[in-house]
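The values are calculated or read from the model by the stated rules, or taken from the named source; none is laboratory data. Quick caveat, the model's predicted, so the values are computed rather than measured. Cβ placement follows ideal geometry from the backbone for every residue including glycine, while neighbour counts extend to all protein chains displayed.
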Amino acid sequence: MSDADGYHGVADPGLQQERTALAWERTAISSMAAGILLARFAAANAHPTLSAVGVIQSIIGAVVLVWAGLHYDDLHLPIRSGRSVVHPSAARLLGLSTVVFSGFAFVFALIVISDG
């Protein structure tokens, strides 16, 4: 395509939008994996509340993965116009959920160790 078609080349030859999208996808997948491990381990040790927490963590990870896929194309326009592609509220929500669920997993591990 040429400049006459409205295309002015790649805005970021370093592929910033791809790195950002992949970072969100990696975070979502690791969140889902941690939730599945927590749910499986909690279910095996008869802790239904913590098992539910693991399932919720997995669901949050799946939602973030779908959101990242749907918003991949939305990253191109802000980068070309020089605006930020950062989603502070999404990053805060995912960070907070990761800290909370990691805390639950830590408490669960302590309970299992003290019972065993």
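Has segment 76-83 got at least one residue that is touching a helix residue (DSSP H, G or I) at 6+ places or on another chain (Cβ under 9 Å), loosely packed, with under 15 Cβ neighbours inside 10 Å and at pLDDT 75 or above?
No, the conditions are met nowhere in segment 76-83.
Pairs, please: C-beta under 6 Å, at least 6 apart or cross-chain, first residue under 18 Å from Val107 (Cβ atoms) and assigned to a helix (DSSP H, G or I) and in segment 23-45, second modelled with pLDDT under 90 and of a type in the set (A, V, I, L, M)?
Leu38/Ala105; Ala42/Leu50
Please specify each residue of segment 98-113 satisfying the condition of being under 15 Å from Val63 (Cα atoms) and modelled with pLDDT of 80 or more.
none
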